Amino acid sequence: MQTNFTAAQLQDPRTQEIDRILRRCVHCGLCTAVCSTYVLLGDERDSPRGRIYMMKDMFERGGPASPEVRYHVDRCLSCLSCMTTCPGGVDYMHLVDHARAYIEQTSQRPLKERLLRKLLAEIVPYPDRFRAALRLAPLGRPFQKLMRRLGLKELAAMLDLAPKRGIRSPKYSGPGTAITQAERKGRVIMLAGCAQQVLRPEINDATIRLLARRGVDVEVAAGAGCCGALVHHMGREEEAIAFAKRNVDAWWKVMSRGPIDAVVINASGCGTMVKDYGHLLAGIEGYAQRAQKIAEMARDVTEFLAEYDLGPPKRWSSLRVAYHSACSMQHGQQITEEPKQLLRDAGFTVLDIPEGHICCGSAGTYNILQPELAEQLRDRKTANIASVKPDLVAAGNIGCITQLATSLDVPIVHTVELLDWAYGGPVPRGLEGYKQFVSDVPEPEIPKVKRTLQDFLRA
């Protein structure tokens with residue numbers, strides 16, 4: 001793609017990167033076939049290629065972003081399916097990141113949008129605030145119809161996503177170390193996260209149990225928190241950088257006390273973000289090198305376990321598990337086979353879902369900010385899941401789990417919860433009725449018969 005930036009514009013390193021990205025696009029349109037919003041809407045402006053044209057014009061012109069550009073960029077899920085498909089290696093992820101930051105810096109959103117985005121940014125990344133907000137959700141549910149009539153569909157969507165069951169606290173939230181009771185084989189840092197530890201604290205608990213049971217010390221660093229993805233995807237770049245710097249500082253302190261094998265992350269959206277810390281903090285004095293090191297050490301929990309010998313499972317199952325690969329897992333991190341193979345090794349029958357590359361509509365806060373599109377994508381995904389007739393669904397991202405749980409007819413749990421169960425942990429919440437389909441594997445008996453020298457030679 002030919003660009004038309006001025007010499008003055010190209011003095012800016014950010015514009016230089018934007019220029020490099022744009023020049024790789026050859027207008028082929030292969031991205032349109034895999035774009036979730038284009039598949040739904042059929043509007044070129046809601047495809048990666050269309051958005052690239054609009055972003056290019058916005059950057060070249062300078063000045064405030066237009067409402068039209070803002071509208072169509074806002075409708076992008078950042079699922080990154082386009083990047084998986086693109087033959088030219090167009091870095092759409094960073095291009096749209098730049099666009100969102102530019103839009104927030106140069107354009108004035110309507111008051112309702114500004115307030116909603118500020119509300120999400122000030123509550124969701126902070127577990128205590130988020131937990132308190134969710135406890136108020138039952139008070140708002142009777143007014144959901146009224147909210148929609150008043151044009152407050154986003155607030156109604158928030159209430160739809162809020163758990164109907166009571167909010168639990170994690171058994172282990174840190175900071176501190178969960179020390180293995182087995183022979184010590186490794187030491188990792190675990191990102192405790194923000195929304196996940198409120199919505200599904202059992203995911204972190206299962207991760208710690210599974211790793212500690214298999215010889216890995218698990219560190220939850222004091223001072224670490226939200227990865228920054230939520231605010232980053234809303235164009236709030238400075239806040240995202242602040243979250244990233246806080247985590248780098250916290251994890252570096254832990255790393256200074258002894259070797260760390262990996263920074264383990266059990267929410268794939270967070271994993272995609274942390275693996276990009278080197279880019280996000282590039283050029284920031286005192287952080288660039290450390291951020292790059294941490295990005296290189298970041299591993300999804302299934303990515304880490306795939307390189308680790310879990311041994312034989314303690315329980316064997318006949319359950320049919322539909323594996324939903326989050327966009328941030330398969331496109332953001334390019335992790336596709338590891339979670340499924342781990343589930344197979346643990347005894348589960350793993351089912352692939354049709355149209356697996358299409359987003360479920362969660363995408364961070366997308367299911368709140370774009371509720372109509374998110375609902376269409378959710379219903380499309382659940383219909384595809386139902387078509388393979390699973391007993392349950394496994395996924396590796398809290399956003400997807402929360403989004404799909406609202407419309408599935410079968411339970412959905414995190415992949416690591418199933419692995420923890422198979423390797424000796426408790427039955428995951430919501431699967432109590434499935435215990436009859438899981439049986440303990442008998443421990444092998446060691447014969448106590450004396451063997452002669454001839455026996456050994458014959459063997």
Original post:
How many of the residues making up the range 100-158 are outside any helix (DSSP H, G or I), of a type in the set (A, V, I, L, M) and surrounded by fewer than 16 Cβ atoms within 10 Å (Cβ to Cβ)?
Top reply: 2
Subject >> Lone unmet requirement of (1) surrounded by fewer than 22 Cβ atoms within 10 Å (Cβ to Cβ); (2) on the phi < 0 side of the Ramachandran plot; (3) not basic (Lys, Arg) for residue 18 >> reply: (1)
**OP:** Would you check if there is a residue in the range 285-298 being modelled with pLDDT of 95 or more, in a strand (DSSP E or B), crowded, with 16+ Cβ neighbours inside 10 Å and out of contact with any Phe, Trp or Tyr (no Cβ under 6 Å at 6 or more places or on another chain)?
**Re:** yes
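Identify all residues within the range 252-271 that are surrounded by fewer than 24 Cβ atoms within 10 Å (Cβ to Cβ) and assigned to a helix (DSSP H, G or I); write none if there are none.
Going through the range 252-271, the residues surrounded by fewer than 24 Cβ atoms within 10 Å (Cβ to Cβ) turn out to be 252-262.
Passing the criteria: 252, 253, 254, 255, 256.
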Subject >> Every pair of residues 6+ apart whose Cβ atoms lie under 8 Å, when the first sits in the range 48-66 and is among the polar types (S, T, N, Q) while the second is crowded, with 17+ Cβ neighbours inside 10 Å >> reply: 66/58
**OP:** For residues that are over 16 Å from residue 331 (Cβ atoms), touching a residue at least 12 places away in the same chain (Cβ under 8 Å) and not aromatic (Phe, Trp, Tyr), tally how many sit in the range 275-292.
**Re:** 9
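Does the range 267-278 contain at least one residue that is in contact with a Phe, Trp or Tyr (Cβ under 8 Å, 6 or more places away or on another chain) and within 28 Å of residue 178 (Cβ to Cβ)?
Of the residues in the range 267-278, the ones in contact with a Phe, Trp or Tyr (Cβ under 8 Å, 6 or more places away or on another chain) are none.
Scanning the range 267-278, I find no residue that is in contact with a Phe, Trp or Tyr (Cβ under 8 Å, 6 or more places away or on another chain) and within 28 Å of residue 178 (Cβ to Cβ), so the answer is no.
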Original post:
Which residues, taken from the range 31-80, are out of contact with any His (no Cβ under 7 Å at 6 or more places or on another chain), in a helix (DSSP H, G or I) and among the basic types (Lys, Arg)?
Top reply: 56, 61, 70
Original post:
Based on what the data block shows, is residue 174 among the small types (Gly, Ala, Ser) and without any contact (Cβ under 8 Å) to a residue 60 or more places away in the chain?
Top reply: yes
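The values are calculated or read from the model by the stated rules, or taken from the named source; none is laboratory data. Because the structure is a prediction, the values reported are computed rather than measured. Ideal geometry is used to build each Cβ from the backbone, glycine not excepted, and the neighbour counts take in all protein chains shown.
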